[in-house]
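Input: a single structure, listed below in structure tokens.
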Amino acid sequence: MLGALLRGFEDHLKIVRELVFENVRAREFPYRPSRTNCFWALPPQEEIALIWLQRMRNPQGTLCLVEAEGKVHAADAKLVRIGCYSLEELQARSRAYWKGADPDTPLKDVEYLVEGPLRVIETRAIPWARAHSA
């Protein structure tokens, strides 16, 4: 019962976060790709993919190495982590996110939003067993 309640609360926080982030993007950063209709990507290093797989719950599917065209935005993924933030703090985190990742942001914390065509160069099944042991 408590587990279901906590998952519901987490889902609610995600919805609020996405609504705030999209509102700030549309008003202040309209030239950035929208989180609601973009591709999500990581730096191309396999070690980075394994770190992200450890962060996800039960990842399934395929990893694709791609070349992207169009709008690409590099952001600090730590800014979208779930938390109980005030509206003002969530808006501040959103503005920092849309300004882009700092050059000193560790690659393991960088995510890319891509709006436009992608060309798939290589595909791999998600190495989940390896991700657990990494």
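The values are calculated or read from the model by the stated rules, or taken from the named source; none is laboratory data. Note that the structure is predicted; figures quoted are calculated from it, not measured. Here the Cβ is made from the backbone with ideal geometry for all residues, glycine too, and neighbour counts use every protein chain on show. The accessibility values were calculated without ligands, DNA or RNA, using every heavy atom of the protein model including side chains. Shrake-Rupley method; radii C 1.70, N 1.55, O 1.52, S 1.80 Å.
Looking only at region 1-35, which residues are small (Gly, Ala, Ser) and in a loop (DSSP other than H, G, I, E, B)? Spell out how you get there, then give the answer.
The first filter runs over region 1-35 and keeps only residues small (Gly, Ala, Ser), leaving 3-4, 8, 26, 34.
The answer is Ser34, and nothing else.
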Can you tell me how many residues in region 96-121 are without any contact (Cβ under 8 Å) to a residue 60 or more places away in the chain and within 13 Å of the chain's Cα centre (by Cα)?
3
Which of the residues belonging to region 47-84 are over 20 Å from Pro117 (Cβ atoms), in a loop (DSSP other than H, G, I, E, B) and open to solvent by 80 Å² or more (accessible area, probe 1.4 Å)?
Arg57, Asn58, Gln60, Arg81, Cys84
For Leu65, the lone unmet condition from (1) without any contact (Cβ under 8 Å) to a residue 60 or more places away in the chain; (2) more than 14 Å from Ile126 (Cβ to Cβ); (3) of a type in the set (A, V, I, L, M) is (2)
Quick one: would you say Ala125 is over 23 Å from Lys71 (Cβ atoms), crowded, with 16+ Cβ neighbours inside 10 Å and either of a type in the set (Phe, Trp, Tyr) or modelled with pLDDT under 90 (or both)?
no
Report, ordered by the first and then the second residue, all pairs with beta carbons closer than 6 Å, sequence separation of six or more or different chains, a first member in region 7-23 that is surrounded by 12 or more Cβ atoms within 10 Å (Cβ to Cβ), and a second member that is modelled with pLDDT under 90.
Leu13/Ile82
